[in-house]
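Here the structure is laid out as structure tokens; the discussion comes afterwards.
Every read-out reported here was derived from the displayed coordinates using simple, explicitly stated rules and does not represent laboratory data. Since the model is a prediction, treat every value here as computed from it, not as a measurement. Every residue, glycine as well, gets a Cβ built from its backbone with ideal geometry; the counts of neighbours run over all protein chains shown.
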Amino acid sequence: MASSGTVTSGEYIQHHLTNLTFGPKPDGSWGIAQSSAEAAEMGFWAMNLDSMFWSIVLGALFIWFFSRIAKKVTEGVPGTAQGFVEMVVEFVDENVKSSFNARNEMVAPLALTIFCWIFLMNFMDLIPVDLIPHALTLFGIHFQKVVPSTDPNVTFGMSLGVFFLMIYFSIKVKGVGGFAAELTMHPFEAKNPILKVLFLPINFFLEAVGLIAKPVSHSLRLFGNMYAGEMIFILISLMFSGGAVLILAGGTLQFIWAVFHILVITLQAFIFMVLTIVYMDMAHSHH
């Protein structure tokens, strides 16, 4: 779009930051938004079709690839694909063993799924920003964000999933009374029964704030870093409409940022996984 000369830089950026959104329109009908303003007006019930599509496709790709390798695993010298899968599994397993002190057979598969799924979603950021959106315009699809982790709905959804698991296992392991005691009996403690009662609402407020902050920070950390990375790619792509010198400079910058971004996308997947393991460990820990 930038090279066509028909849109401004601001319109180009806005276009690439707009999801393919499906939701209710002002007249009561449902359909796909034709502009970012119309998408914003759709409200809570709007669905970002591109984020859903790419996240589901990438999740299915992870399941298919790992299950395929698992069915063909051999005890001898592993092939390249098997060696790669074993390396990833061992890496995740070591992190679970070092951070999770209880026993729950679900935690390691959960951590593996989160790490690989988020890495694949983040990896979509390395695809040239105009490639897929431009190709889809041939089919009448004018908006397409291919990096699901730049959508706060996706990152919040994943963090809330982890949060609900944390609450579930906290109640399952400690009981309702034990979980309630965690929220009300500290950080302030007292032997005096009157002070103990007075501290209950104060402790609950402080612990509730910390509890709610976990999924918020968990999701915003991933979203913020990936959104910033996507924005930089979009800004660099604007240079390709400025002549030969800017094209050369833009290509160089894009290559440098892509190489650096490989570290970013891996690190963000790792951080999300580690925090998930830590939260699961907290849910299984008795205080």
Sole residue being charged (D, E, K, R) and closer than 18 Å to I265 by Cα, chosen from D93, D125: D125
Residue identified as out of contact with any helix residue (DSSP H, G or I) (no Cβ under 8 Å at 6 or more places or on another chain), within 22 Å of V107 (Cβ to Cβ) and free of Cβ contacts under 8 Å to residues at least 40 places away in the same chain among G210, G243, G224: G210
The listed residue being loosely packed, with under 15 Cβ neighbours inside 10 Å, out of contact with any Gly (no Cβ under 8 Å at 6 or more places or on another chain) and closer than 24 Å to T150 by Cα, out of G210, G229, G251, G243: G251
Checking F143 against (1) in contact with a strand residue (DSSP E or B) (Cβ under 8 Å, 6 or more places away or on another chain); (2) without any contact (Cβ under 8 Å) to a residue 60 or more places away in the chain; (3) of a type in the set (A, V, I, L, M, F, W, C), the condition it does not meet: (2)
Count of residues meeting criterion [in a helix (DSSP H, G or I) and surrounded by fewer than 15 Cβ atoms within 10 Å (Cβ to Cβ)] in segment 58-79: 8
Qualifying residue in segment 186-195 (condition: touching a helix residue (DSSP H, G or I) at 6+ places or on another chain (Cβ under 9 Å), part of a helix (DSSP H, G or I), touching a residue at least 12 places away in the same chain (Cβ under 8 Å) and of a type outside the set (F, W, Y)): no
Index of the failed condition, E105 passing every other in (1) closer than 21 Å to S159 by Cα; (2) of a type outside the set (A, V, I, L, M); (3) in a helix (DSSP H, G or I): (3)
Residue count for segment 133-153, restricted to those that are surrounded by fewer than 17 Cβ atoms within 10 Å (Cβ to Cβ) and β-branched (V, I, T): 2
